[in-house]
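Contents: one structure, followed by commentary.
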Amino acid sequence: MFVKQNEERIKLFQIDSLSFSASTRFAEKLHEKMVSLIANFKAKGVPQIILDGYSVMFCTVVEDEVWSLSIHMPQGSALKIYSITDI
């Protein structure tokens with residue numbers, strides 16, 4: 001039963017990946033924005049109990065490290081960057 005439950009749980013999660021061609025200038029600017037978002041992110045307010053909604057994960061490479069930031073229901077600058085891929 002545990003194996004079947006685990007298989008069903010995996011079906012509930014959807015991970016989307018998007019690839020597209022971009023100019024070097026656009027890619028560099030997007031990388032700068034992503035690094036800035038991750039490095040300077042400050043959560044505001046009191047954390048609430050999460051019952052629904054969606055989460056997004058931002059990842060980028062800085063020198064020899066992979067930086068990532070997971071945000072539940074992004075707002076502000078994070079929502080704007082996320083919206084670039086909201087096709």
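The figures follow:
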| item | result |
| --- | --- |
| Percentage relative contact order, the range 36-87, counting C-alpha pairs under 8 Å, at least six apart | 32 |
| Within a Gaussian network of the chain (alpha carbon springs, distance under 10 Å), most fluctuating of PHE26, PHE13, PHE58 | PHE13 |
| Which of SER68, SER17, ALA78, positive extreme of dipole for the chain (C-beta unit charges) | ALA78 |
| Relative contact order of the chain, pairs being alpha-carbon contacts under 8 Å that are 6 or more residues apart, as % | 23 |
| Among SER55, SER23, SER68, residue whose mean-square fluctuation peaks in a GNM of the chain (springs only between Cα atoms under 10 Å) | SER23 |
| Tail fraction, Cα-Cα pairs, the range 15-87, threshold 15 Å, whole percent | 61 |
| HN-Hα J in Hz across the range 41-47 - Karplus 6.51, -1.76, 1.60, θ = phi - 60°, x for Gly and Pro | 5, 10, 6, 10, x, 8, x |
| Kyte-Doolittle mean at least -0.5, axial Cα span of 18 Å or more - DSSP H helices of the chain | 24-40 |
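Where a number appears in this text, it was derived from the coordinates with a stated rule and is not lab data. Predicted model only: the values in this text are computed from it and were never measured. All Cβ positions, glycine included, derive from the backbone under ideal geometry; neighbour counts span all protein chains shown.
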